[in-house]
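Colleague: I'd like to ask some things about the structure below.
A short reminder: the numbers here are calculations on the coordinates, not readings from a lab. It should be emphasised that the depicted structure is a prediction, and the values quoted were computed from it without experimental measurement. A quick note on method: Cβ atoms are made from the backbone with ideal geometry, for glycine too, and the neighbour counts reach across all protein chains shown.
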Amino acid sequence: MIAGFIAALYTQWQDTGRGFDPNPIFWKAFIITHFTFLLAIPLFANGRTLGMLLMNLTVTSNNGKKPNFFQIILRAVLGFGPVILTNGLWYFVSLIACLVDKKGRGWGEMSSYTTVKRKEEPFD
C-alpha cells in the first residue's frame, strides 16, 4: 500500500499528463518501491522488512542463527511474490499455513526455513 502511494506521488510529481494507467512512469516507480521495500531493505537489515523494523521483530533461521543471503531471497520471492501476483489473496494461504504449522509460521517462513520473533531487549 505504501509502495503504491509513493508511486502515485512520484507519478503526479512527474506530471506527464497521462494519468496513472497505463503510465510507464507510475509502473516503474511502483516496481522500484516494491523492490526496495521487499528485497533491498531486508537484504541490508538481516531479513527484516520495514514493518518488522518498526515493530521490533527479527528474523532468525530455524537453527537460531541470522538468516543467510539465500534465505532472505527465498523469503522475499516466495513469501511476498505470490501476494503481489494475486493482489493479496495469497495472504489466505499464509493464514492457513500459520494455523496448520505447529510454530505458527506463515508460507514465507516455511519456504525459507526462517522464524519471525520479537527482538530481545538487552537488560540494563
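Colleague: In nm, to one decimal, how far is the Val93 label point from the Lys28 one, both placed 7 Å along Cα→Cβ?
Modeller: 3.2 nm
Colleague: Next question. At 1.567 mPa s and 4 °C, plugging the Kirkwood radius over alpha-carbon pairs of the range 58-124 into Stokes-Einstein gives what diffusion coefficient in µm²/s?
Modeller: 103 µm²/s
Colleague: For the range 58-124, what does the relative contact order come out to in percent, with C-alpha contacts under 8 Å and a separation of six or more?
Modeller: Contact order relative to length: 45 percent.
Colleague: When ranked by the protection proxy of mean other Cβ atoms within 10 Å per residue, highest first, what sequence do the peptides 96-102, 109-115, 79-85 form?
Modeller: 109-115, 79-85, 96-102
Colleague: Continuing with this model, one more query. Students often forget the sequence filter, so: which lysines lie under 22 Å Cα-Cα from Lys103 once same-chain residues fewer than 8 apart are removed?
Modeller: Cross-link targets: Lys65, Lys66, Lys117, Lys119.
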